[in-house]
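Colleague: Here it is, the structure, as structure tokens.
The values are calculated or read from the model by the stated rules, or taken from the named source; none is laboratory data. Predicted, not measured: the structure shown is a model, and the values here were computed from it. Note that we place each Cβ from the backbone using ideal geometry, even for glycine, and neighbour counts take in every protein chain shown.
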Amino acid sequence: MREVGSPLVAAIKRHSLEDGPGIRTVVFLKGCAFRCSFCQNPETRDPRAEIGFSPASCIGCGRCVQACPRDAASTTAPERIDRDRCDRCARCAGACPSGSLHVIGRTHEPEALVAALLRDRPFWRHSGGGVTFSGGECLLYPRYLERVLRLLVAEGVHVTIQTGGGFDYDRCAARVWPYVRLVQFDVKLADPRAHRKHCGTDNGRILANLRRILAEPGLEVQPRVPLVPGVTDAPGNLEAIVELLVDAGADRITLLPYNPLCVRAGDRVGLPRPLHPERFLTWEEEGAARERVRRALGARRIRTAAPEGPAKGDLHPRLTVLGSTDRSRQGA
Ligand code: SF4
Ligand code: SF4
């Protein structure tokens, strides 16, 4: 897997409480090897810069139409841009007074990125937080990450990586792991055919990387399963994932409820809508998924870690299942 140049940063999200310990600053890099129909960050799939359109902030001034040299912008088209005609020159975004049209994906030299991130240091210090790299697949860029992470770690910053598992293991082990404290590793579908159907490729590389990283000494790995209604909670999938995680030596399983707002994010960059329902899981569905995982774990004790209960005021908390020693089984 070849790393081509520096990645583009799609967004920097500050003050996240959901992307690792404490308050996190999350850097989303563009580019991914997969095409998951339920992608939570669809604007990060394409490694190239894109033009995003947010209809709510459009004031209908027509400056985008005047600025476009290819006759690709229109105030009457609901998507604003004909993406077949558009060459991503970004003149419309430059002319748009409201930010309704905007560029997604900008280069950041490592030093400049780190300087921008370190502004959040007071929040990390008081919460035990740090920086999380996500995507897309941030591990497509181990050389760039190494340059950034070396600077962050020299400043004493806790670094978390979020990955979908589609990366070159040896390059990441050499360049990235030495700087990372936590890896959040998403496992979506156990069956290779289902994975190909919903994510565009089979899952052979993902599962091989998962086994290797779980055996990595000194690296904390948190496997996560996104719960997508009708896709990842399909019969047998959660149970099969439990089997392979236990077999690979995982010490915990985190279930991540699907967030349908990603569909609107896909709209902004002109992606076709996924076929599965645009809705949150119900509490009953979440409870059923949790019970299925518990049943699949049975009496097997996987090593437990600190539970992540719902944050105070969190209306739709993540779920964490910690095997046979989790709190509900202890009556807590
Ligand atoms: S990015 Fe360029 S080609 Fe595309 S709609 Fe905007 S101005 Fe036109
Ligand atoms: S320039 Fe921006 S605000 Fe004006 S019509 Fe185009 S998208 Fe809307």
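Colleague: I'd like to verify a number: residues in segment 106-122 that are surrounded by 17 or more Cβ atoms within 10 Å (Cβ to Cβ) and among the aliphatic types (A, V, I, L, M), how many?
Modeller: Number satisfying all stated conditions: 3.
Colleague: Which one of these does residue 36 not meet: (1) surrounded by 12 or more Cβ atoms within 10 Å (Cβ to Cβ); (2) away from ligand 1 (no atom under 16 Å from the Cβ); (3) not in a loop (DSSP other than H, G, I, E, B)?
Modeller: If we test residue 36 against (1) surrounded by 12 or more Cβ atoms within 10 Å (Cβ to Cβ); (2) away from ligand 1 (no atom under 16 Å from the Cβ); (3) not in a loop (DSSP other than H, G, I, E, B), just (3) comes out false.
Colleague: Let me ask something additional. Considering segment 167-213 alone, what residues qualify as being touching a helix residue (DSSP H, G or I) at 6+ places or on another chain (Cβ under 6 Å), farther than 18 Å from residue 255 by Cα and not polar (S, T, N, Q)?
Modeller: Passing the criteria: 167, 169, 171, 172, 175, 176, 179, 202, 211, 212.
Colleague: I'm trying to understand the selection: among the residues of segment 56-76, which are in a loop (DSSP other than H, G, I, E, B), more than 10 Å from ligand 1 (Cβ to nearest atom) and either surrounded by 12 or more Cβ atoms within 10 Å (Cβ to Cβ) or among the aromatic types (Phe, Trp, Tyr) (or both)?
Modeller: Matches in segment 56-76: 58, 61, 62, 75.
Colleague: Taking the conditions exactly as written (under 30 Å from residue 79 (Cα atoms) and assigned by TED's automatic domain parsing to the domain that holds residue 165), does residue 192 satisfy them or not?
Modeller: Here the answer is no, as residue 192 does not meet what is asked.
Colleague: Is it the case that segment 96-105 has a residue that's buried (at least 19 other Cβ atoms within 10 Å of the Cβ), hydrophobic (A, V, I, L, M, F, W, C) and within 20 Å of the chain's Cα centre (by Cα)?
Modeller: yes
Colleague: In this structure, does residue 43 turn out to be within 16 Å of ligand 1 (Cβ to nearest atom) and within 13 Å of the chain's Cα centre (by Cα)?
Modeller: So residue 43 passes the test.
Colleague: Conditions first: (1) touching a residue at least 40 places away in the same chain (Cβ under 8 Å); (2) in the same structural domain as residue 14 (by TED's automatic domain parsing); (3) within 21 Å of residue 6 (Cβ to Cβ). Residue 112 passes all but one, so which condition is the exception?
Modeller: Of the numbered conditions (1) touching a residue at least 40 places away in the same chain (Cβ under 8 Å); (2) in the same structural domain as residue 14 (by TED's automatic domain parsing); (3) within 21 Å of residue 6 (Cβ to Cβ), the odd one out for residue 112 is (1).
Colleague: Report, by residue number, each residue of segment 67-113 that is among the basic types (Lys, Arg) and in contact with a Cys (Cβ under 8 Å, 6 or more places away or on another chain).
Modeller: 70, 80, 91
Colleague: Select from segment 84-131 the residues that are part of a loop (DSSP other than H, G, I, E, B), out of contact with any strand residue (DSSP E or B) (no Cβ under 8 Å at 6 or more places or on another chain) and within 16 Å of ligand 1 (Cβ to nearest atom) and list them in ascending order.
Modeller: Passing the criteria: 84, 85, 87, 89, 97, 98, 99.
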